[in-house]
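To keep things clear, I will list the structure first and then write my remarks on it.
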Amino acid sequence: MKVDVKRLLIGGSILSLSAIVLGACGNRNDDAASSNGSAAESSAKVEGDIKLWVDTEHIDALQGQVDKFEKEYPDVKVTVAVGSSADAKADVSKDPEQAADVFMMPHDQVGQMAEAGLIYPIGDKQAATIKDTNVEAAVDAVTWKDKIYGYPYGVESQVLYYNTSTLTADDVKTWEGLTSAGKIGTNFAEDGANYIFGPLFMSNGNVLYGEDGEDINGTNFNNEAGVEVLQWIADQKNNSGVLQASESALSDLQSGKSDAFLSGPWSKNDVEKALGDNMGVAAYPTIDFGSGAKQMKAFLGVKLYAVNQQTEAPLAAMALAEYLSNQETQEIEFTENGVVPSNKDAQESDAVKADAVAKAVMEMSDAEHSVVMPKLPEMVSFWPPMDALINDTYKGQIKPDQFQDKLDKFVSDISKVTE
C-alpha cells in the first residue's frame, strides 16, 4: 500500500519533529498522525528547496529573517518571489505543483482552499503552539471545521481616524456625537459599502453564517434587528454629519471638508500626511439603531502563511511558515510595514503599545468590536447583494415597507451552496 508521507508529516511539530509516522498503513487520520510514535524523528531532516510567495512590500522586511532561517536550517534553500496574497487561491489553484510551497494569504480564503485540498491542516502539537501564542480571534480565523490551516502573523480591522482640532475623544465615542460635532466622510452609496457597513447587522445582534461563520443556513439578518439596521442606513441620507465619500474620503479629510473617516492601518501614513499632529485614532463608536446603544462592529481580517498541500518538502515548508510567523518576525513586520501582530507577546511590546493605530486595531480585534470575517466558501455570494442592499437603501430606492422582503431575499441568496 502506498503511503502519503507528505500528508502524514503534517501531524508533527516543527520544533520537535515528533509524530512523524513513516510506516503507517491502512486507514488513518491527522489526529492519529499527530499523536503516534516518534521512532523516525531522530532521522528526520529538515531539508529541500522551497519557494516563498509574499506581497511586494514585505520582501525587504522578510529577507533578513529568511537568511537567518537558512542559517538555522542549512539544508534548506528558500527562493523568495512576489506573490499576491489577495489572489492566493486563484494563483495556487492554477497549478498547485508549480505554486509556492509557502505563501501569504488572507484568512477568508481558508475555507475555500481547505475544501479544495490546496493547503495542509496543521497537526495537534503545532496547533497547540499557535493557540497558545496568538490572540483568540486569530486562532478562530485560521480554523476550519475544527482544524487549523494557517500560521497567523497579523490582524487588521478598520478604525476611526479623526481630526483632533475639530473633534474630541468624547465626540467620537458615539455615532450621534461624532455626526453632530463634525462630519464623517464615508461610503454608503457605492461599491465597497458592503465591507464597511455589512457588519452593522452583527452590531445589532445578528449573525452571518452562524456563530462560527461556517453554517450556510446560519444567517438571520431578516428579522426585526435587521429591519432596524436598514432604517438606520436610510436615515443617514438626511444626517447632515454624514458626507457620502468613497475615493475622496482622504482628500476631504485633508481639505477640512470632513473631520473623520473609517479605514484601516493601511491608511496610517496617508492620514498622518493629511492631518499631521491633529491625527486622532479610535475604535469604532457606538450606534443606536432604535433600541439602545450598540457597539459598531467591523470585519476582522487575519494575515497568515499557509503551506501548499503539494509541497515536496513539507518539513521545510512548515518550519519556514512557523519561523515567519514567530514573535520576532511579527515585531519586524510591525516596525517595517505596520502589520499589527497576532502574537500576544508581540502585542505587548513597547513599540506596539505606543502606536495609536495599533492600539485601536487591537481594541477592535476583540469580539465586542469586530466579527471575524467568515471563511465559508459561500462568502463570495455575500458581497454583491450586500452592496446593493446598502446602496439602494441609502439612496431611498428601497422603501421601509420593502425592508423585510429585501432581507428575506438577501438571506436566501447568500445561503445557496457555491458550485
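The values are calculated or read from the model by the stated rules, or taken from the named source; none is laboratory data. Values in this document were obtained by computation on a predicted structure and should not be read as measured data. Ideal geometry is used to build each Cβ from the backbone, glycine not excepted, and the neighbour counts take in all protein chains shown. In case anyone asks, the SASA skips ligands and DNA or RNA and just uses the protein heavy atoms, side chains included. Shrake-Rupley method; radii C 1.70, N 1.55, O 1.52, S 1.80 Å.
General remarks:
- Scanning region 145-200 for residues that are under 30 Å from GLN112 (Cα atoms) and among the polar types (S, T, N, Q) yields SER157, GLN158, ASN187, ASN194.
- For region 297-325, the tally of residues that are in a loop (DSSP other than H, G, I, E, B) and either more than 18 Å from ILE59 (Cβ to Cβ) or more than 18 Å from the chain's Cα centre (by Cα) (or both) stands at 6.
- Annotation: of all residues in region 88-100 being over 20 Å from GLY154 (Cα atoms) and without any contact (Cβ under 8 Å) to a residue 60 or more places away in the chain, the one that is surrounded by the most Cβ atoms within 10 Å (Cβ to Cβ) is ASP91.
- Qualifying residues in region 61-87 (those that are open to solvent by 40 Å² or more (accessible area, probe 1.4 Å) and part of a strand (DSSP E or B)) - the one farthest from GLN98 (Cα to Cα): LYS77
- Only residues that are open to solvent by less than 60 Å² (accessible area, probe 1.4 Å) and either within 13 Å of GLY301 (Cα to Cα) or of a type in the set (Asp, Glu) (or both) were counted in region 341-365, giving 7.
- Candidates ILE390, ILE398, filtered to the one that is touching a Leu at 6+ places or on another chain (Cβ under 9 Å) and assigned to a helix (DSSP H, G or I): ILE390
- For region 340-395, a residue qualifies if it is among the hydroxyl-bearing types (Ser, Thr, Tyr) and touching a strand residue (DSSP E or B) at 6+ places or on another chain (Cβ under 6 Å), and the qualifying residues are SER342, SER365, SER370.
- Subset of region 205-227 that is among the aliphatic types (A, V, I, L, M) and in a helix (DSSP H, G or I) - its residue that is most open to solvent (accessible area, probe 1.4 Å): VAL227
- Test for MET113: is it under 20 Å from TYR153 (Cα atoms), open to solvent by less than 60 Å² (accessible area, probe 1.4 Å), assigned to a strand (DSSP E or B) and aliphatic (A, V, I, L, M): no
- Hits in region 261-302 (condition: of a type in the set (S, T, N, Q) and farther than 10 Å from SER157 by Cα): SER267, ASN269, ASN278, THR286, SER291, GLN295
- Condition broken by GLN327, with the remaining ones in (1) open to solvent by 60 Å² or more (accessible area, probe 1.4 Å); (2) touching a strand residue (DSSP E or B) at 6+ places or on another chain (Cβ under 9 Å); (3) farther than 30 Å from LYS45 by Cα satisfied: (3)
- Taking first residues from region 101-122 that are within 12 Å of ALA88 (Cβ to Cβ) and free of Cβ contacts under 8 Å to residues at least 40 places away in the same chain and partners that are surrounded by fewer than 23 Cβ atoms within 10 Å (Cβ to Cβ) and of a type outside the set (A, V, I, L, M, F, W, C), the Cβ contacts under 7 Å between residues at least 6 apart in sequence or on separate chains come to ALA116/SER93.
- Taking the criterion of being assigned to a loop (DSSP other than H, G, I, E, B) and open to solvent by 30 Å² or more (accessible area, probe 1.4 Å), the residues of region 256-291 that qualify are GLY256, LYS257, GLY290, SER291.
- Residue ranges of helices (runs of 4 or more DSSP H) in region 335-377 with at least 1 members without any contact (Cβ under 8 Å) to a residue 40 or more places away in the chain: 344-347, 350-353
- Note on region 376-412: residues that are surrounded by 13 or more Cβ atoms within 10 Å (Cβ to Cβ) and under 19 Å from ALA225 (Cβ atoms) total 17.
- Some residue of region 342-357 being touching a Gly at 6+ places or on another chain (Cβ under 6 Å) and modelled with pLDDT of 95 or more: yes
- All of LEU230, LEU178 fail the test of being in contact (Cβ under 8 Å) with a residue 40 or more places away in the chain, open to solvent by less than 10 Å² (accessible area, probe 1.4 Å), farther than 17 Å from VAL371 by Cα and touching a Pro at 6+ places or on another chain (Cβ under 6 Å), apart from LEU178.
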